[in-house]
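Data first, discussion second: the structure below is written as C-alpha cells.
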Amino acid sequence: MAVEKHVEAKLVGMDENKENSADEGLSLEILQIIKDSQQQHGLRHGDYQRYRGYCSRRLRRLRKTLGFKMGNRHKFTGKKVTVEMLSDNRYLLLVLMEAERAWSYAMQLKQEANTEPRKRFHLLSRLRKAAKHGEHLERLCESPRVDAKTKLEAQAYTAYLTGMVQFELQQWKTAMEAFNKCKTICEKLASAFTEEQAVLYHRRVEEISPNIRYCAYNIGDQNAINDLMQMRLSAGGGGSMLVEGLETLITQTRAKQAATMSEVEWRGRTVPVKIDKARIFLLGLADNEAAIAQAADEETKERLYETLLAECRDTIQAVREEIKVDAKQRERAVDSDSGKVSNLLYLHSYLTYIKLWTVVKRNESMAHALHAKLKEPQQDESKRGPRPQDLIRLYDIILQSLAELSGLQGLEEDHTFQKEVSLKTLVYKAYRCFFIAQSYVLVKKWSEALVLYERVLKYAREVQSKAKSLNNSLKDLPDVQELISEVNAEKYSLQAAAILDTGDTAETPQQLQVKDNKRLEAFHLDPALVGKQPNLVQFPPDFQPIPCKPLFFDLALNHVAFPPLDDKVEQKVKGGLTGYIKGIFGSGS
C-alpha cells in the first residue's frame, strides 16, 4: 500500500508539472531503451554475450562523447557519476548501460552454469553488481532535475534487479516483495498513459509474474504451480523468452515435488523410480496432458505436444544411460525366477509407451485439423490446400508407432495389451484406407475408390465386433460409427459421380459413308457431315497385304573348299640347347 500511494503521488506531480517543466527536467525512457537494445542486439535469440558486447561498446562511445574517461591507457582512475554532473541525460544512460552490461553477463553465466556449476558464484557477483548500478541510477534520479516518470521507471528497474538477486539466492520472501514493487509501479505507469505507451509496462508485468508465482509456491502457496501452467498455456508462441522462463520455473517446481515420489504403477505392476529426471517428467505428465486438452487453438496444442515429446525423449535417454551404467542390469535383463523384465527395463518400456502414444495423439490431432480444412471450400485456388495424401502420411506414422508399441519389452505376454494395440491398429487402418479412397476419387478412379470404401466398412465392422470383448477400448479412439456413416454417404456420391462421368464421355462416332457421285460437279450438303461428330474418313484404316522385301542368304559359302596354303606358310623348327648355342655364334639355319 505504501508503494502504491508513493507512485500515485509521483504521477499526480508529473501531471501537474508536465506543461511547466517539460523543457527543464531531464528525461530518460529507461524501459523503452532497454527493450529496443535487447531486441536489436541478440536477446531475441537468447544471445546474452552479443548483448553484453553491445553494452560495452556503447559505454565506450558515451564516455568518449561526454569526456568521462576512466584515466588513460597506462593507469585506471575510477569515477562515478554524481548529481552535480546531471546536465545531460546521457549521464543517466551511462549508469543504465553499466547495469545492463552486468545483468547480461550474469544471464550468460546462468546459461553456462547448467554444465559448469562453479560459474554460479560469478553469476551472483555480476547480479549484485547490476543491482548496485541500479541503486546508483535510482539515487541519481531522485534529483529535482529529473522528471517523475524517469524516477518511477528507475525505481521499477532497481526493484527488478534486486528481485533477481534475491531470487538466485533463494530468498523467496524478499524477492517476492521486490518483484511486487516492480509490478505495482509498472501497472500504475501503464494506467497513466495511452494504450500504445502502456504496452511496454504490461510486458514487464508479464515477465515478472511467473517469478512472483514461483516465489509464492516456495513460501507455501500450493496453487502456484497451477497458475504457472495457465501462464504457459496462454503465453502463445514457443520462441519467446517468457515461455522459456516459464518452462524453467515449472521444471524447478516439479523438481521440488519429485522428492516425495518414489514409485509408479502401470498395467498392474509397481515400479520404483530412482532417476530424478524420470520423477520430474512423470510428476508433470498429468499437468501436461491437461494443458493440451485445454489448448485454445491447434498451434498451441502442437507446441505443447512438441514440448512433452522433447521432455519424454530426454527422460528415455537418461534411463538408457542408467541401464548401460548398471552392469548387473545389463547381464540380467530377465529375472531367472519370475521371467519378468527388470524394473529399469519396465520403466523404459513405460516411458517409450508414453512417447509413442503421444505421437499417435499428436498426429491424430493434426489429421483432425486437416480433415476439417479439407471439407471447407478453398478460397484461393493459387495456394495449395490440404489433400488426402497429407492425411495418409499422418496415418502411416500412427500405424508405425502402433507397430512399435506391440514389441515393447515386458509386454509380449500381456494378451490384453496386444489385443488393445491390434484394435487401435484396425481403427487407424480404416481411416487411412478412407483417405486413400478419397485420393482415388480426385483422379476419377471410381472402381478402385469403391473397393477401398468397402474395405473401410470391413475394418469398421471388425472393430465393432472386437470392441465388445474389451471394455473401454474405444474410449480414446476416433468414432468408428461416424466413419461408417461418412463412408455410406461417400459411396452414394461416388456412384452418382460415376454415372455423370459416363454420360459425359464421348460416344463412339458412327461410320458414315460419303457419297462420291456428283461431289465434284455440284455442291451437295450432307447433314451427317455438319453435326457435332462428323466422320469423313475411317480412322485408323484397315490393314492391307503388301509384298515383303526379299532377303538374300549366302548358302553356297558353307560348301566352298579352299586350296591348301601350307607351302606358303613358314614352318618354325623346334631346336633344343644345340640350336640355341648355334644361334649365339651366328651359325643358324
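Observations, loosely collected:
- Restricting the stretch 94-116 to residues that are crowded, with 20+ Cβ neighbours inside 10 Å and among the polar types (S, T, N, Q) leaves a set whose member that is farthest from LYS35 (Cα to Cα) is GLN108.
- Enumeration of residues in the stretch 266-295 that are at negative phi and basic (Lys, Arg): ARG269, LYS274, LYS277, ARG279
- Residue list for the stretch 377-401, restricted to those being of a type in the set (Ser, Thr, Tyr) and modelled with pLDDT of 85 or more: TYR395, SER401
- Count of the stretch 134-143 residues which are out of contact with any Ser or Thr (no Cβ under 6 Å at 6 or more places or on another chain) and buried (at least 21 other Cβ atoms within 10 Å of the Cβ): 2
- In this structure, GLU404 does satisfy being of a type in the set (Asp, Glu) and either modelled with pLDDT of 85 or more or farther than 23 Å from ALA467 by Cα (or both).
- Of all the residues in the stretch 104-119, those that are closer than 12 Å to GLU168 by Cβ and in contact (Cβ under 8 Å) with a residue 12 or more places away in the chain number 4.
- When GLN230 is tested against (1) under 28 Å from ALA293 (Cβ atoms); (2) modelled with pLDDT of 80 or more, exactly one condition is not met: (2).
Condition check ((1) at pLDDT 90 or above; (2) out of contact with any Phe, Trp or Tyr (no Cβ under 8 Å at 6 or more places or on another chain)) across all residues:
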| site | (1), (2) |
| --- | --- |
| ALA130 | yes, no |
| GLU135 | yes, yes |
| ASP147 | no, yes |
| TYR157 | yes, yes |
| LEU161 | yes, no |
| LEU169 | yes, yes |
| GLU196 | no, yes |
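- Residue count for the stretch 26-60 satisfying the condition of being open to solvent by 40 Å² or more (accessible area, probe 1.4 Å) and more than 21 Å from LEU140 (Cα to Cα): 11.
- Subset of the stretch 268-289 (residues that are assigned to a helix (DSSP H, G or I), in contact (Cβ under 8 Å) with a residue 60 or more places away in the chain and either surrounded by 18 or more Cβ atoms within 10 Å (Cβ to Cβ) or of a type outside the set (D, E, K, R) (or both)): ALA278, PHE281, LEU285
- Any hit, the stretch 109-117, residues being in a helix (DSSP H, G or I) and aliphatic (A, V, I, L, M): yes
- Unmet requirement for SER21, which otherwise passes all of (1) open to solvent by less than 50 Å² (accessible area, probe 1.4 Å); (2) at pLDDT 85 or above: (2)
- For the stretch 290-313, filtered to residues that are outside any helix (DSSP H, G or I) and open to solvent by 50 Å² or more (accessible area, probe 1.4 Å), the residue that is nearest to LEU411 (Cα to Cα) is GLN294.
- Checked against the criterion of being open to solvent by 50 Å² or more (accessible area, probe 1.4 Å) and either within 16 Å of ASP36 (Cβ to Cβ) or among the basic types (Lys, Arg) (or both), the candidates ARG73, ARG63 yield just one match: ARG73.
- Among the conditions (1) under 45 Å from the mean Cα position of the chain (by Cα); (2) surrounded by fewer than 18 Cβ atoms within 10 Å (Cβ to Cβ); (3) in a helix (DSSP H, G or I), ARG126 misses just one, which is (2).
- Unmet requirement for LYS149, which otherwise passes all of (1) open to solvent by 40 Å² or more (accessible area, probe 1.4 Å); (2) among the basic types (Lys, Arg); (3) within 21 Å of GLN32 (Cα to Cα): (1)
- Within the stretch 167-186, the set of residues being closer than 11 Å to ILE219 by Cβ and either in contact with a strand residue (DSSP E or B) (Cβ under 7 Å, 6 or more places away or on another chain) or open to solvent by less than 10 Å² (accessible area, probe 1.4 Å) (or both) comprises just one member, ALA175.
- Subset of the stretch 397-413 that is over 26 Å from the mean Cα position of the chain (by Cα) and not aliphatic (A, V, I, L, M) - its residue that is most open to solvent (accessible area, probe 1.4 Å): GLU413
The values are calculated or read from the model by the stated rules, or taken from the named source; none is laboratory data. Please read all numbers here as calculations on a predicted model, not as lab measurements. A quick note on method: Cβ atoms are made from the backbone with ideal geometry, for glycine too, and the neighbour counts reach across all protein chains shown. All accessible areas refer to the heavy atoms of the entire protein, side chains included, with ligands and DNA or RNA removed. Shrake-Rupley method; radii C 1.70, N 1.55, O 1.52, S 1.80 Å.
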